[in-house]
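Student: For reference, the structure I am asking about is given below.
Derivation of every value follows stated rules applied to the coordinates shown; laboratory data play no part. Every value quoted in this text rests on a predicted model; they were computed, and no experiment measured them.
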Amino acid sequence: MHAYSPIIIVFSLYSIQFVNALEVASISQVDSPQNLDTKSTKMFPCEKCGKSYASAGSLRHHQRHHTGEKPYSCEECGKSFIQSCELKNHMRTHSGEKPFKCNDCGKTFTHRVSLKTHQAVHTGEKRYSCDKCGREFAAVANLVKHKRTHSGEKPYSCDICGKKFRQPGQVKTHQLTHTEDKPFDCDHCSKSFKSATALKIHQGRYKKEVAIACELCGKLSYSADSHICGEAITLTVEMYVCQGIFGQ
């Protein structure tokens, strides 16, 4: 039998990030006065980073972050996970199931913790505060991530070069440096980019610029000198504002 604990899923603009709930539990215990005495019951320390856990099973799950072991695989796409509950949550991305509904606005979510995080939007409540700097957070998972800025902990590593990072999303962004693929194309010029973020930044430069359409081939250019089609052509200036195009 595999012992497991739930995960916290952090949604950002460009990615979904997984945070081990064992870390969340340890932070909750530190920050909660009524749980201060429970620290003495954590008798299973990690030899790699010094963190202690209350059970051998919890320690084993934690150590997989160091070893990279991911014994649970998705039959649909082959993606692997450290814990079985991570796989269960991932399977909903294939089924589209969103069983958790907000009573205030009706929005539905794939994961219960995502619903709880969302509900803070309605209440404005920030229950979790950092004991180092006092900064407050609506979600405990965000507190977990923030605490790493104080501790310097970098539990996520690139499997290509070994470079370490604080967040899994940072690893994904970094790994783009190891490939020459640029799948994100700009609709208004010939440039391509490795990430959607880089493309959005690039597109911002066209906000107040005028696109020039070649009458022979229809290609848009942002400089009369940057595109020549044939010997003598007429360039028609069209008032394309990039922000407006992307918003349509």
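Student: Once you've got the Cα coordinates, tell me which of 70/154; 88/147; 132/154; 48/145; 145/172 are over 21 Å apart.
Tutor: Among 70/154; 88/147; 132/154; 48/145; 145/172, the Cα-Cα distance tops 21 Å for 88/147.
Student: Continuing with the same structure: Taking θ = phi - 60°, what integer Hz values does the Karplus form 6.51 cos²θ - 1.76 cosθ + 1.60 yield along region 190-203, in sequence order, with x for Gly and Pro?
Tutor: So the J values, rounded to whole Hz, are 8, 7, 10, 9, 7, 9, 5, 5, 4, 5, 4, 4, 4, 5.
Student: Can you give me the long-range amide H partners of residue 52? Hydrogens built in the peptide plane at 1.01 Å from N, cutoff under 5 Å, separation of 5 or more residues or another chain.
Tutor: Hits under the 5 Å cutoff: 46.
Student: Could you please state, rounded to a whole Å, how far the C-alpha centre of region 172-199 is from the C-alpha centre of region 83-120?
Tutor: 30
Student: Right, something else. Sort region 35-130 into rounded, prolate or oblate with this rule: let a ≥ b ≥ c be the square roots of the eigenvalues of the Cα gyration tensor; rounded if a/c is under 1.5, and if a/c is not under 1.5, prolate when a/b is larger than b/c, oblate otherwise.
Tutor: oblate
Student: Going by amide H atoms built from the backbone, whose H comes under 5 Å of the H on residue 157, apart from near neighbours?
Tutor: 165
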